[in-house]
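Just below is one structure, and these are the notes that go with it.
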Amino acid sequence: MTAPKLTHKLSPDFTEGVDRKLLKQVRDRFMLVNADRLDKTLQGLPYRQQDILRVLPLLYQVNHPLLPGYVSRSAPDGVSGYEPDKTTLSIAKTFSQTFRFRRDKRKKAQIFSIFMMGSTGTLAHSEVSDVDLWLCHAPNLTADSLALLDAKAKKIDQWANSLGLELHTFLMDSEKFKSGGATPSMDTESSGSAQHYLLLDEFYRTAILLVGRYPLWWLIPPNMEENYHTITHDLVTKRFVKEAEILDFGSAACIPKNELMGAGLWQLYKGIDSPYKSVLKLLLAEVYAQELPHSISLSQTFKQAVYDDELNVENLDPYVLIYNRLESYLIARKDHKRLDLVRKSFYLKVAKKLSRRPTERKASWQRKTLEKIVKHWAWPDHKFRYLDDRASWKVDQVTHERQEVVTELSNCYRFLSNY
């Protein structure tokens, strides 16, 4: 008989002092989850796209005319704590056999961290998904330096796109972001400052650290986030953490009411291209609103799970967390019609056709995870076939499904407007 797993929960209590050993355990636990997420991201990509992600830190570590993205030797460079490995250097050699890596270690790094965030590496990610990158830079860059860094990022995005990886890089200053500024501007890829805390909530639960400083947010227990600023100030000023190793975007524990309204407008707009994803996100905004002022954000749920020793990345998947929260909400309200739409939206967003055999020799982790989830739905086989044949739906079927989605989006937005 196999012995049950002993769960080792971490419960730091900063009111009684700071335990450096415990802080390290927390950081190491998040790093382990991060490494697993990054590994799963790479597993789901073709080799060429894997190589792009592996070489990205090197492209920002140095300014070299033989490497993609080069604009000027004066562009900000150097990534905190980064040293390229042999695999990365061998990829760089494919651009030029004469390339030699050299870095003046006396020079301060001007790039603090590189994160992937959003659906990258999640249950809903595929090789055709785009990748959102947060390029976190030093706060003291001049306007000219920022312009050069922005030009370099755009060139690297274009280069990656030419190789089949749709990359969107956002320049981020954590200090300005924390104070309410420096939020990515409103465009087709970003909701802008209208959703500062919702964006941060999504970042904390989806971010994969590619290289550089880790989020200080990891170290603050979920039940102590109301004292976030005091605790983080003490950790840094009393040198319990090394300032050169952390990055602080602030707390996302309290999401203002006006942002939930902004989320409604944004998801209605996004629903034109991604209706099923918008159904999930707009209903999540409704759940947050219904549970205020005691609403627990999904980023806190994610963090609490890691503190509780839940290190299975399938269970920590951002889309699984969203689905579980929506399912609990709708079951409690006995709203089975909306629950069925949420399940359909979730299934279609993940886009693994379970009525058909997997195209790859070995089923992906996404497919296996989806199979476990839908097992509890008791769907008949013909429902899977119907959804999997979505591309062949007739006009009346498309009209029916469209109306169901439009009704749900309208109801959610109406609730938020009235709220």
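The values are calculated or read from the model by the stated rules, or taken from the named source; none is laboratory data. No experiment lies behind these values; they were computed from the predicted model shown. No Cβ is skipped: glycine too gets one built from the backbone with ideal geometry, and neighbour counts run over all protein chains shown. In case anyone asks, the SASA skips ligands and DNA or RNA and just uses the protein heavy atoms, side chains included. Shrake-Rupley method; radii C 1.70, N 1.55, O 1.52, S 1.80 Å.
Working only within the range 190-224, note down all residues that are closer than 21 Å to N258 by Cα and not aromatic (F, W, Y).
Step one: of the range 190-224, the residues closer than 21 Å to N258 by Cα are 190-204.
Once the filter is applied, which keeps residues that are closer than 21 Å to N258 by Cα and not aromatic (F, W, Y), the range 190-224 yields S190, S191, G192, S193, A194, Q195, H196, L198, L199, L200, D201, E202.
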Six or more apart or on different chains, Cβ under 7 Å: which pairs go from a residue in the range 89-103 that's closer than 20 Å to Q50 by Cβ and among the hydrophobic types (A, V, I, L, M, F, W, C) to one that's part of a loop (DSSP other than H, G, I, E, B) and open to solvent by 60 Å² or more (accessible area, probe 1.4 Å)? Could you list them?
F95/L66; F99/L66
Of all residues in the range 240-286, which are more than 30 Å from M31 (Cβ to Cβ), surrounded by 20 or more Cβ atoms within 10 Å (Cβ to Cβ) and either out of contact with any helix residue (DSSP H, G or I) (no Cβ under 6 Å at 6 or more places or on another chain) or aliphatic (A, V, I, L, M) (or both)?
L260, A263, W266, V279, L282, L283, A285
What single numbered condition from (1) outside any loop (DSSP other than H, G, I, E, B); (2) over 20 Å from the mean Cα position of the chain (by Cα); (3) modelled with pLDDT under 95 fails to hold for Q158?
(3)
Checked the range 77-94 for anything surrounded by fewer than 17 Cβ atoms within 10 Å (Cβ to Cβ) and charged (D, E, K, R); matches are E83, D85, K86, K93
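The rows are residues; the columns are (1) on the phi < 0 side of the Ramachandran plot; (2) in a loop (DSSP other than H, G, I, E, B); (3) open to solvent by 30 Å² or more (accessible area, probe 1.4 Å).
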position: S96; (1), (2), (3): yes, yes, no
position: F99; (1), (2), (3): yes, yes, no
position: R106; (1), (2), (3): yes, yes, yes
position: L123; (1), (2), (3): yes, yes, no
position: S129; (1), (2), (3): yes, yes, no
position: L135; (1), (2), (3): yes, no, no
position: N140; (1), (2), (3): yes, yes, yes
position: L146; (1), (2), (3): yes, no, yes
Quick one: which residue in I91, I52, I111 is in contact with a His (Cβ under 7 Å, 6 or more places away or on another chain) and at pLDDT 90 or above?
I111
Taking the stated definitions as given, is K21 without any contact (Cβ under 8 Å) to a residue 60 or more places away in the chain, farther than 18 Å from L247 by Cα, basic (K, R) and open to solvent by 70 Å² or more (accessible area, probe 1.4 Å)?
yes
Filtered residues of the range 391-419 (kept if in a helix (DSSP H, G or I), open to solvent by less than 50 Å² (accessible area, probe 1.4 Å) and either over 23 Å from W266 (Cβ atoms) or hydroxyl-bearing (S, T, Y) (or both))
S410
Odd one out for E314 among (1) under 22 Å from K344 (Cβ atoms); (2) surrounded by 19 or more Cβ atoms within 10 Å (Cβ to Cβ):
(2)
Condition met for S11 (hydroxyl-bearing (S, T, Y), surrounded by fewer than 13 Cβ atoms within 10 Å (Cβ to Cβ) and closer than 27 Å to L311 by Cα)
yes
Checking Q49 against (1) buried (at least 16 other Cβ atoms within 10 Å of the Cβ); (2) outside any helix (DSSP H, G or I), which single condition isn't satisfied?
(2)
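Consider G69 carefully, then state whether it is open to solvent by less than 20 Å² (accessible area, probe 1.4 Å), at positive phi, of a type in the set (G, A, S) and part of a loop (DSSP other than H, G, I, E, B). Full working, then the answer.
Numbers: open to solvent by less than 20 Å² (accessible area, probe 1.4 Å): yes; at positive phi: yes; of a type in the set (G, A, S): yes; part of a loop (DSSP other than H, G, I, E, B): yes.
Spelling it out, G69 is indeed open to solvent by less than 20 Å² (accessible area, probe 1.4 Å), at positive phi, of a type in the set (G, A, S) and part of a loop (DSSP other than H, G, I, E, B).
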